[in-house]
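Some notes on the structure that comes next.
The values are calculated or read from the model by the stated rules, or taken from the named source; none is laboratory data. None of these values were measured; they are calculated from a predicted model. A quick note on method: Cβ atoms are made from the backbone with ideal geometry, for glycine too, and the neighbour counts reach across all protein chains shown.
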2 protein chains.
Amino acid sequence: MSQEISDFYAVIPAGGIGSRLWPLSRADAPKFLHDLTGSGHSLLRDTWDRLEPLAGSERIAVVTGRAHRAAVEAQLPAVPDRNVFLESEPRDSTAAIGLAAAVLVRREPDVIIGSFAADHVIRPPHLFQWAVQQAVAVARQGYICTIGIQPSEPSIGFGYIKKADGLLVDGAPEAATVERFVEKPDLETARAYFADRSYLWNAGMFISRADVLLAEIEANNPELHAGLMELAEAWDDRDRRGPVVDRVWPALTKIAIDYSVAEPAAEKGKLAVIPGHFDWDDVGDFASLAKLNSHGRKNDLAILGENARILSDASSGIVVSQTSRVISLIGVQDIVVVDTPDALLVTTSEHAQRVKGVVDALKLGGRGDVL
Amino acid sequence: MSQEISDFYAVIPAGGIGSRLWPLSRADAPKFLHDLTGSGHSLLRDTWDRLEPLAGSERIAVVTGRAHRAAVEAQLPAVPDRNVFLESEPRDSTAAIGLAAAVLVRREPDVIIGSFAADHVIRPPHLFQWAVQQAVAVARQGYICTIGIQPSEPSIGFGYIKKADGLLVDGAPEAATVERFVEKPDLETARAYFADRSYLWNAGMFISRADVLLAEIEANNPELHAGLMELAEAWDDRDRRGPVVDRVWPALTKIAIDYSVAEPAAEKGKLAVIPGHFDWDDVGDFASLAKLNSHGRKNDLAILGENARILSDASSGIVVSQTSRVISLIGVQDIVVVDTPDALLVTTSEHAQRVKGVVDALKLGGRGDVL
């Protein structure tokens, strides 16, 4: 099932700090560079390892910030230099994925690209790969294809994709058209979606011909598209790239690919979906991270950190230990303790979503040194 | 009221680590060396400052471990060298106070000594001083006199002193005899004591003629008394002190002065008490420390640490910050966070008494490095 697909290129946008995982995730050590599952590998490397059987190591591109170049190349020693796309500053996902699409389509006009976040946890790989294989088959028919996750709970933390009629595509028995995209719902709505099995979680995975993707960007954001074309035209010429990037990149419209491509494509009936049957977690906060690392046991304190020295009677929650300090927990439940050399967080699973507020407060308070 | 008392000598036993305040209190930085009230002074120094108006700086003795000599002398620059009594190892309070009594009575046969713990918080000083002045007057009559604290709640953490008939002593209008000493009671008993105003907290303060104290030790623990006499006889001779200490001190019976002196004296009707009207706190755990530092406000997170950088929505509990790390608390109440360079404690006020268990576990686990 996992043989390489010759016309496929994987694109990994590796941006985003993961503010809800502060102080573990930082500007200079974002979420995708961490081993959050105890696998021994960073999330980025796990993403690469999932995609490599599908695309081959010569055909995986990474779009990341200039500051992360060395770290990314250390994580991915097999990535070809020409497949590392460096952003001078973050311009959101349409710019990141669109740049890769625009450059790759010049190298290979019929290329199909699939974009996959660098910081999600997916298990097992073969179910993910089966979904991508189907999505590629659908993309060959001119659709923009997403992979939707069958919800495991009525989450209010994700957007939803409403699946409609099945699509008849060879090699994609589960393909369906998408009726519409839905923003993060309230709890009542989420419960209704959860009961109605045709609503899937939007995991931000998009597979399509590069030219189809670019045409959709052009239709909805022509200036952004023009900028991407100008960048792509100069990209593979080392002398010309720099000045064009400096001039064009900072002016690109910041817009998520969900809005610039997926939503309008859904309205036109051009968006398809493959339901993913794998476990998927975007590790959105420490409550997710605790769950992910409690090994399925309900009464288990999750511990992350190679040299953790923990003395605890807690049977739930998580301790992240990045120092060699002895950490002692007494009589606290569902606790979240993140111990790093310059910052300490203490909260509970219930309040884990509020961590971003601390990051915002630290920014406002001029304490960027610990962000 | 606070003029010096010519026949009075204050003795400060400065021992005890304060295990329930780990990891703030350590073997090499015991509780009495910390500023736990934000006064800018250590508890030991505050104790000295309370006693100095009564005894004068030439007549305050400190009994402490050899390891703490430098720290104690740094805290108390005015203490005469001959008034620093160094223990080669801890032998409990009868040995510590008895040694001081035995040495001082040789220097001054009619001396009255008062012993006061180095790590209690007492406010305001003048009410404490008034109680001591009365106790000295009672001690001159041959009594062993304690100062009992009027309970502010039905505590199960302290022993109680049952006050009996008033004593007619000039200069001590509140003096009374003691009917008996009571061990830490259960909650029901503590409530009954609290309702019955004649039960006072035992704060471990004893004032008596040195010869009377030594006679009581002799009556109940003759071997211990003999050892103290031998030590005292050699003490002020620099050449002889060392060998005698090495031989005699480690063999002294370990017994608290409450059992060797106060209880038997009470049975013989020789124990008197002065009720203390001052606020008294032995800062027994982090819950006490939180209360002590919340400045009387109920909804207030107490913060201890000069360079504390705290970002918190907690309205109760305490943060002790000994590092320059940013500490962020979200959605936790009655929390206790103690952040030191090599150890971190997270618990709640409710479980503060259990901190000692961690210290015991660390000892057993061979982690003495953080104790």
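A few notes on this one:
- B:Asp279 passes every criterion in (1) away from chain A (no Cβ under 12 Å); (2) without any contact (Cβ under 8 Å) to a residue 12 or more places away in the chain apart from (2).
- Counting the residues of region B:311-332 that are closer than 23 Å to B:Ser42 by Cβ and surrounded by fewer than 19 Cβ atoms within 10 Å (Cβ to Cβ) gives 1.
- Residue in region B:162-173 that is touching a residue at least 12 places away in the same chain (Cβ under 8 Å) and either in contact with a Leu (Cβ under 7 Å, 6 or more places away or on another chain) or of a type in the set (Val, Ile, Thr) (or both) present: yes
- Test: residue in region A:200-218 that is without any contact (Cβ under 8 Å) to a residue 12 or more places away in the chain and over 21 Å from A:Ala101 (Cα atoms): no
- Of all residues in region A:1-29, those satisfying the criterion of being over 17 Å from A:Val319 (Cα atoms), modelled with pLDDT of 95 or more and not acidic (Asp, Glu) are A:Ile5, A:Ser6, A:Phe8, A:Tyr9, A:Ala10, A:Val11, A:Ile12, A:Pro13, A:Ala14.
- In this entry, B:Ala308 is excluded by the filter for residues that are in contact with a helix residue (DSSP H, G or I) (Cβ under 8 Å, 6 or more places away or on another chain) and either surrounded by fewer than 19 Cβ atoms within 10 Å (Cβ to Cβ) or small (Gly, Ala, Ser) (or both).
- Near pairs, Cβ below 8 angstrom, 6+ apart or cross-chain, from region B:91-105 (among the basic types (Lys, Arg)) to any residue that is part of a helix (DSSP H, G or I): B:Arg91/B:Trp249; B:Arg91/B:Pro250
- Residues being over 15 Å from B:Pro275 (Cβ atoms) and buried (at least 16 other Cβ atoms within 10 Å of the Cβ) are represented in region B:197-204 by at least one member.
- Filtering region B:190-204 to residues that are in a helix (DSSP H, G or I) and either touching a Cys at 6+ places or on another chain (Cβ under 8 Å) or among the charged types (D, E, K, R) (or both) leaves only B:Arg191.
- Some residue of region B:218-228 being of a type in the set (Asp, Glu) and within 30 Å of B:Pro151 (Cβ to Cβ): no
- Members of region A:174-189 found to be without any contact (Cβ under 8 Å) to a residue 40 or more places away in the chain and part of a strand (DSSP E or B), listed by number: A:Val182
- Among the residues of this structure, B:Ala308 does not count as one that is touching a Gly at 6+ places or on another chain (Cβ under 9 Å) and more than 9 Å from every other protein chain (Cβ to nearest Cβ).
- Residue match in region A:117-132 (condition: of a type in the set (Val, Ile, Thr), more than 21 Å from A:Tyr9 (Cβ to Cβ) and part of a strand (DSSP E or B)): yes
- Selection status of B:Arg354, under 24 Å from the mean Cα position of the chain (by Cα), at the interface with chain A (Cβ under 7 Å from one of its Cβ atoms) and without any contact (Cβ under 8 Å) to a residue 40 or more places away in the chain: yes
- Taken together, the residues in region B:286-310 that are assigned to a loop (DSSP other than H, G, I, E, B) and within 24 Å of B:Pro124 (Cβ to Cβ) amount to 6.
- Test: B:Ala343 is buried (at least 16 other Cβ atoms within 10 Å of the Cβ), closer than 30 Å to B:Ser198 by Cα and facing another protein chain (nearest Cβ under 9 Å): no
- Any hit, region A:311-323, residues being free of Cβ contacts under 8 Å to residues at least 40 places away in the same chain, of a type outside the set (Ser, Thr, Tyr), within 28 Å of A:Arg123 (Cβ to Cβ) and more than 12 Å from every other protein chain (Cβ to nearest Cβ): yes
- Restricted to region A:168-193, and to residues there that are out of contact with any helix residue (DSSP H, G or I) (no Cβ under 9 Å at 6 or more places or on another chain) and surrounded by fewer than 18 Cβ atoms within 10 Å (Cβ to Cβ), the residue that is nearest to A:Ala95 (Cα to Cα) is A:Glu183.
- Conditions (1) in contact (Cβ under 8 Å) with a residue 60 or more places away in the chain; (2) in a helix (DSSP H, G or I); number of the one not met by A:Ala137: (1)
- Against the numbered list (1) touching a strand residue (DSSP E or B) at 6+ places or on another chain (Cβ under 7 Å); (2) surrounded by fewer than 22 Cβ atoms within 10 Å (Cβ to Cβ); (3) within 10 Å of chain A (Cβ to nearest Cβ), B:Ile335 comes up short only at (2).
- The number of residues in region B:357-368 being small (Gly, Ala, Ser) and either facing chain A (nearest Cβ under 7 Å) or more than 26 Å from the chain's Cα centre (by Cα) (or both) comes to 3.
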